[in-house]
Each structure stands twice: as C-alpha cells, then as structure tokens.
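Structure first, then comments.
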Amino acid sequence: MAWQGSTRRSRLPKNWPTIRRRVLRRDKGVCQTRFSDGQLCGAVATDVDHIVPGDDHSVANLRALCGWCHARKSASEGGTAAARTRVRTERPKPTHPALED
C-alpha cells in the first residue's frame, strides 16, 4: 500500500474525511488531470491530491484524481525528491590515449 512507511497520514488534519468528500463533490467525482494535449482525464476520481506538495490542506490546494494519475504524480514527486538528496560525484574526464604525452 502507498501509505506503508509514510508519515503522511499522521500529518493529515482530523477532519480529512470531510475535506476529501468536499473536494470529490466539488470536482464531480471526475479526475482533474490535464494531459499534454489539454484533454481532461475524466476517469472516476478515487483520490484527493495536494496540487502543491506539503501540508497545505486548503480546498484550493486539493483536486480529485483517479488512482492511475495520482500514482503517476506521486511517483514523479518521489523521484524528484530522491534526486535532490543523492550525492553527486564528478568523475575525472578521460583523455583519449592518442592525446596523452
């Protein structure tokens, strides 16, 4: 499950179920992802997503997404966060053997 190993659930407000229902109702239960061609996904929304990641649980920062779009967005955000913590090492630039003295 996606929550396994995450502290995210403990950081949600006590009234999260109410907020979640409100967002799903506002978005008419339809996934709000826009694809690169401008088309709305339109699948049945099962998840509520934070548009800007973090602990801003205001309704303006939330939108309804289908499970597929939410998993794709979450994976992308996780990869970006992991890349920021990776240690980068520079390798010496190899010279061509014919150019060595």
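The values are calculated or read from the model by the stated rules, or taken from the named source; none is laboratory data. Quantities reported herein were computed from a predicted structural model and do not represent experimental measurements. All Cβ positions, even for glycine, are placed from backbone atoms using ideal geometry, and neighbour counts span all protein chains on display.
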Open item on the list: I'd like the full set of residues that are closer than 10 Å to residue 67 by Cα and in contact with a helix residue (DSSP H, G or I) (Cβ under 6 Å, 6 or more places away or on another chain), limited to the range 31-44.
Closed with: 31
Task: Identity of the residue in the range 77-101, closer than 30 Å to residue 54 by Cα and of a type in the set (A, V, I, L, M, F, W, C), that ends up modelled with the highest pLDDT - done: 87
- [ ] Give me a count of the residues in the range 58-75 that are buried (at least 17 other Cβ atoms within 10 Å of the Cβ) and not in a helix (DSSP H, G or I).
- [x] 5
Open item on the list: So, in the range 8-54, how many residues would count as being closer than 18 Å to residue 74 by Cα, among the acidic types (Asp, Glu) and in a loop (DSSP other than H, G, I, E, B)?
Closed with: 0
